[in-house]
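The values are calculated or read from the model by the stated rules, or taken from the named source; none is laboratory data. Just so it is clear, the structure is predicted and the values come from calculations on it, not from any experiment. Because the Cβ atoms are built from the backbone with ideal geometry, glycine has one as well, and the counts that use them run over all protein chains shown.
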Amino acid sequence: MRFRKHLVIAAVAALTLSACGNSDDKGADSGSGKAEIRVWLNGTDTPKEARDWLKTTFEKDNPGATLTIEEQQWDGLVEKLTTALSSASDTPDVVEVGNTQAPTFTEAGAFADLTGELDSLGGDDLLQGFVDGATVDGKTYAVPYYAGSKFVFYRKDLFAKAHLQVPTTMDQFVDAAIALKKANPTPANFSGFRLPGQDWRNGVAFVWDQGGDLATEEGGTWKGALESPESQAGLKTVQRLFEQASGAAKDGNESDPATPFCHNEIGMLSAPGWVKGLIEDADTGCPDMMANVGVFALPGSDGKSAPVLLGGSDIAVAAKSRHQDLAKKAVALMLGDEYQTILGKAGLTPAKGSLASVLGSDEIAQATIAAASNARLTPAASGWASVESSRILEDLFVGIATGGDVASLAKDADQKMDEKLAAG
């Protein structure tokens, strides 16, 4: 594990050095002509309709050029990007990166400067928090792609059978999750509330609800904050859910939540809005189940919406891309109203505030807005991507899921985060 940590730090350092002198790699195209533009998109979030539209429109607008979308996985993405972006011959031209990962690559010089294109891409209409996270010394190196705060999908029929009402406080939510698990003894892996062991991105909401945090800044120094009494109170709630409400694998991750949902293994699921599209998909989902699916914002202890993680992605042009002009044209299409509208209708929050209405006015749109009203970002520390890539939080939550002592696990996680944050 220690070797892996040092490897990531060394690789990012090498990326920083190699990105400083790459002027010969830029400007290899004039914005037209034969070229293959490689776009890295992560996971299944971007719907097929958007992918097809991007490829078709780009190739129509740029005769002779081709656009290829290469799907990557979120797990291990930081290391893979670090390697690919440092090589002019292997680098993709356009990359999707998590909004919490963007600052590390931005500061390393891995992305091309998009400041001159910012106004044409949306300017003040863009999600400002995402823009700020990818801006260094007044220059912007990545732009928002989409956002998505989590809310709860639930089975109306299972709630009715268990005589449950939609919870309006955190205590009611936890009690409902446990009650659903008890009311559905089969299958054995049924979850009243699905919480796989590695799922810190959902788990952090319970920490924040109790007034805790992942890390805090004091005097310009970021340090882990999981040892605080407030954070530990939230982690103990998480442990109770692991033990009494979730049937998901204790070492599993949150990927592909729609499959167990469609297999009748879930009563409640916290996920971004795009999961609705997976459930509705006629080929891989369970559209017939949608009549029994409801949604609500995770309630907090104060009766308001709980502070959930505001996730999302940025897109950027690789600094070493040999097709800078064409790559920027691809980014412009991805920020265009037509493409962003496709994302919005699939449940992803568009990168532009003016397009929020495409989410609709139904129950899911209302839950999205309610969840986003109190959503939070991960710590704005330059070393946060290193924390995520080292899987400190995944290991912490697996330890909690398997019955470990919360206090000692939190202390160990803080010490490991301190090292990463100091090196960031």
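For (1) modelled with pLDDT of 95 or more; (2) of a type in the set (Val, Ile, Thr), each residue gets a yes or a no:
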position: 225; (1), (2): yes, no
position: 229; (1), (2): yes, no
position: 238; (1), (2): yes, yes
position: 241; (1), (2): yes, no
position: 246; (1), (2): yes, no
position: 256; (1), (2): no, no
position: 261; (1), (2): yes, no
position: 272; (1), (2): no, no
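For residue 411, indicate whether it is among the basic types (Lys, Arg), touching a helix residue (DSSP H, G or I) at 6+ places or on another chain (Cβ under 9 Å), assigned to a helix (DSSP H, G or I) and not assigned by TED's automatic domain parsing to the domain that holds residue 106. Against the criterion (among the basic types (Lys, Arg), touching a helix residue (DSSP H, G or I) at 6+ places or on another chain (Cβ under 9 Å), assigned to a helix (DSSP H, G or I) and not assigned by TED's automatic domain parsing to the domain that holds residue 106), residue 411 does not qualify.
Just one of the listed residues (203, 197, 148) is of a type outside the set (Ser, Thr, Tyr) and in a loop (DSSP other than H, G, I, E, B), namely 197. Among the helices (runs of 4 or more DSSP H) confined to the range 287-405, there are none with at least 3 residues that are in contact with an Asp or Glu (Cβ under 6 Å, 6 or more places away or on another chain), assigned by TED's automatic domain parsing to the domain that holds residue 74 and closer than 30 Å to residue 251 by Cα.
Between 306, 249, the distinction of being closer than 28 Å to residue 377 by Cβ, of a type in the set (A, V, I, L, M), surrounded by fewer than 16 Cβ atoms within 10 Å (Cβ to Cβ) and touching a residue at least 24 places away in the same chain (Cβ under 8 Å) belongs to 249 only.
State the number of residues belonging to the range 309-337 that are surrounded by fewer than 23 Cβ atoms within 10 Å (Cβ to Cβ), modelled with pLDDT of 95 or more and in contact with a Ser or Thr (Cβ under 8 Å, 6 or more places away or on another chain). Of the residues in that region, 3 qualify. For the range 128-157, filtering for residues that are within 26 Å of residue 366 (Cβ to Cβ) and either in contact with a Cys (Cβ under 8 Å, 6 or more places away or on another chain) or of a type in the set (A, V, I, L, M) (or both) leaves 2.
Kindly establish whether residue 354 is more than 20 Å from the chain's Cα centre (by Cα) and modelled with pLDDT under 90. Against the criterion (more than 20 Å from the chain's Cα centre (by Cα) and modelled with pLDDT under 90), residue 354 qualifies.
Considering the conditions (1) polar (S, T, N, Q); (2) under 25 Å from residue 312 (Cα atoms); (3) at pLDDT below 95; (4) more than 20 Å from the chain's Cα centre (by Cα), residue 210 is excluded by exactly one of them, (3). Screening residue 37 against (1) modelled with pLDDT of 95 or more; (2) not in a strand (DSSP E or B) leaves a single unmet condition, (2). Among the candidates 108, 134, 162, the residue that is surrounded by 15 or more Cβ atoms within 10 Å (Cβ to Cβ), touching a helix residue (DSSP H, G or I) at 6+ places or on another chain (Cβ under 9 Å) and modelled with pLDDT of 95 or more is uniquely 162. For the structure I just gave you, tell me whether residue 87 is assigned to a loop (DSSP other than H, G, I, E, B), polar (S, T, N, Q) and more than 19 Å from the chain's Cα centre (by Cα). Yes.
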